[in-house]
Amino acid sequence: MISVKKDFENIPYPLSKEHCENGTQERTATTNEDRRKTVIENEQYDDNFNDRYKHKEIRKELGRIYKEKCAFCEQNQEIMHVEHYRPKTKYYWLAFSWDNLLLACAKCNGSGNKASHFPVENTAIVSPKIDCSDIDLSKINNFCKEYDELEKPLLLNPEQEEDLHFRFSFDRNGEICPTNSNDEQAKQTIDVIKLNRDSLKIARKKIIDDFEKSVIGKKVKDKGELRRHVMHEMEMLREKADIQNSDENFLAFRTYVVNEGIMKQIIKSAFGQSNQK
């Protein structure tokens with residue numbers, strides 16, 4: 001996982017309180033404001049309102065923010081969901097809230113993984129405690145930080161964390177673990193979302209395997225040519241691991257490979273083999 005920057009003040013129009021199903025003010029009963037009031041008054045979410053958070057403009061903006069990659073596993077997948085950080089089945093009043101919407105792949109968001117799981121350290125908030133007549137419900141778009149302070153969620157939120165990739169470490173086989181063994185948030189995030197499922201470990205390991213093949217399997221005439229080739233491959237790997245600018249999958253893993261010695265170990269092996277020839 002890596003940190004993602006979202007403008008919480010620039011709320012997409014489909015989530016605004018004025019937005020209507022037909023895009024006008026004529027059908028006031030279908031504005032987001034009214035639908036928020038409805039779910040709050042009924043104390044449960046209505047799946048008939050899904051069109052509000054699944055709107056194509058919201059999906060498009062989340063795709064831009066997340067560079068079309070899953071917020072959790074960092075993969076670009078064919079099927080991607082507009083996902084709720086706090087599940088709408090429990091936090092029904094946050095179903096249309098901009099700071100509660102992420103982009104997630106079907107696997108990470110699927111049944112048995114995150115789905116409706118949302119463990120917290122403190123007591124979970126079970127109702128909005130909002131008087132609909134006394135509050136501008138558009139403020140619900142910015143409740144996440146306040147709720148985090150009260151609940152202390154045990155799932156990491158890429159939109160609320162800085163330098164998130166430092167919270168995770170990896171081994172040569174692509175397995176992820178908390179950098180700090182006492183980091184319960186990182187541990188719970190890995191376990192709940194199943195970030196060590198086989199398909200992810202295999203995909204992460206392939207990045208190392210491909211780099212290793214490119215430097216160790218290269219046939220060269222002399223050490224000078226080997227050095228130039230290795231420097232080129234290193235630079236390519238670093239570019240693809242650039243957290244700020246790269247669009248590649250698995251940036252947290254790529255950064256770890258570059259910064260924490262795995263890349264250097266492979267290069268050392270390449271020159272070691274060269275010396276034996």
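Bear in mind that the values in this text are calculations on the coordinates, not laboratory data. On a predicted model such as this, the values are computed, not experimentally measured, just so you know. Cβ: placed from backbone, ideal geometry, glycine included. Neighbour counts: every protein chain shown.
Residues F143, F253 in ascending order of nearby Cβ atoms (within 10 Å, fewest first): F143, F253.
Stretching the chain fully between E235 and D7 yields a gain of 78.9 nm (0.36 nm per residue, less the alpha carbon separation).
I need the Debye-formula profile for the chain: one equal scatterer per C-alpha, no solvent, reported as log10 I(q)/I(0) at q = 0.10, 0.13, 0.17 1/Å, two decimals. Relative scattering, expressed as log10 I(q)/I(0), comes to -0.59, -0.88, -1.30. Cross-link candidates for K60: which lysines have Cα within less than 22 Å, leaving aside residues fewer than 8 places away along the same chain? Of all the lysines, those that pass the test against K60 - Cα under 22 Å, at least 8 places apart if same chain - are K5, K6, K17, K69, K88, K107. Here is the P(r) of segment 198-276: all C-alpha pair distances, binned every 10 Å from 0, give 18, 50, 26, 6 in whole percents.
Note on F271 and D47: with the Förster distance fixed at 41 Å, the Cβ-Cβ geometry gives a FRET efficiency of about 0.10. Extension gain for the segment K60 to E18, taken as residue separation times 0.36 nm less the Cα-Cα distance, is 13.1 nm to one decimal.
Here K56 is the anchor, and the aspartates and glutamates within straight C-alpha reach of less than 15 Å, apart from those fewer than 8 places off in the same chain, are E21, E68, E83.
By a straight-distance test (C-alpha under 29 Å), which lysines pair with K268 as possible cross-link partners, with residues fewer than eight away in the same chain excluded? K268 reaches K201, K205, K206, K213, K218, K219, K221, K223, K240, K277. Going from the fewest other Cβ atoms within 10 Å to the most, the residues H232, H81 appear in the order H232, H81.
Using just its DSSP H runs of length 4 or more, each adding -39500 (n - 2.57), the chain gives a mean residue ellipticity at 222 nm of -11500 deg cm²/dmol after division by all residues.
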